[in-house]
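First comes the structure, then the notes that go with it.
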Amino acid sequence: MKEFKKNKKAAALKYDPKKNGAPIVVAKGRGELAEKILEIAKKENIPITQNDALADILDGLDIYQEIPPELYKAIANIFAFLYKLNDKIGMH
């Protein structure tokens, strides 16, 4: 269990089409920092999805860096899923 937590990765994205051409990485971390990112997301009712391969890629980006075009489709699918989920549970 400790090894899993030690290797855990998390990243947070934000998208504001008025300011950015693509979603940007606003937080990322491994181990305890990843746990803190997830804790804050849960506390703030920010939707969380797990995708280890995507987390690995996002971990290689800089904070406030836009995601590269190769990730647009994957991120768009995740955002679409989360928007639909928010509509179903009444969050906007």
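Testing residue 34 on (1) at pLDDT 95 or above; (2) within 16 Å of residue 10 (Cβ to Cβ); (3) exposed (fewer than 13 other Cβ atoms within 10 Å of the Cβ), one condition comes back false. Which one is that?
Of (1) at pLDDT 95 or above; (2) within 16 Å of residue 10 (Cβ to Cβ); (3) exposed (fewer than 13 other Cβ atoms within 10 Å of the Cβ), only one is false for residue 34: (3).
In region 73-92, is there at least one residue being under 14 Å from residue 8 (Cβ atoms) and assigned to a helix (DSSP H, G or I)? So that I can check it myself, show each step before the final result.
Residues of region 73-92 that are under 14 Å from residue 8 (Cβ atoms), as a first pass: none.
There is no residue in region 73-92 that is under 14 Å from residue 8 (Cβ atoms) and assigned to a helix (DSSP H, G or I).
Of the conditions (1) assigned to a loop (DSSP other than H, G, I, E, B); (2) surrounded by 10 or more Cβ atoms within 10 Å (Cβ to Cβ); (3) modelled with pLDDT of 95 or more; (4) not basic (Lys, Arg), residue 20 clears all except one; give me its number.
(3)
Out of 58, 33, I need the residue that is more than 23 Å from residue 87 (Cβ to Cβ) and more than 12 Å from the chain's Cα centre (by Cα). Which one? Walk me through how you get there before you give the answer.
Values: 58 fails: more than 12 Å from the chain's Cα centre (by Cα).
Among 58, 33, only 33 is more than 23 Å from residue 87 (Cβ to Cβ) and more than 12 Å from the chain's Cα centre (by Cα).
For region 35-72, enumerate the residues that are of a type in the set (A, V, I, L, M) and not in a loop (DSSP other than H, G, I, E, B). Outline the logic, then answer.
Taking region 35-72 first, the residues of a type in the set (A, V, I, L, M) are 37-38, 40-41, 46, 48, 53-55, 57-58, 61, 63, 67, 71.
The answer is 37, 38, 40, 41, 53, 54, 55, 57, 58, 71.
Could you look through region 46-92, keep only residues that are farther than 16 Å from residue 24 by Cα and touching a residue at least 40 places away in the same chain (Cβ under 8 Å), and pick out the one that is surrounded by the most Cβ atoms within 10 Å (Cβ to Cβ)?
91
Six or more apart or on different chains, Cβ under 7 Å: which pairs go from a residue in region 16-33 that's among the hydrophobic types (A, V, I, L, M, F, W, C) to one that's part of a helix (DSSP H, G or I) and surrounded by 14 or more Cβ atoms within 10 Å (Cβ to Cβ)? Could you list them?
If the second residue must be part of a helix (DSSP H, G or I) and surrounded by 14 or more Cβ atoms within 10 Å (Cβ to Cβ), the pairs left are 25/58; 27/37.
The values are calculated or read from the model by the stated rules, or taken from the named source; none is laboratory data. Note that the structure is a prediction, hence the values are computed from the model and not measured. We place every Cβ from the backbone using ideal geometry, glycine too, and count neighbours over all the protein chains shown.
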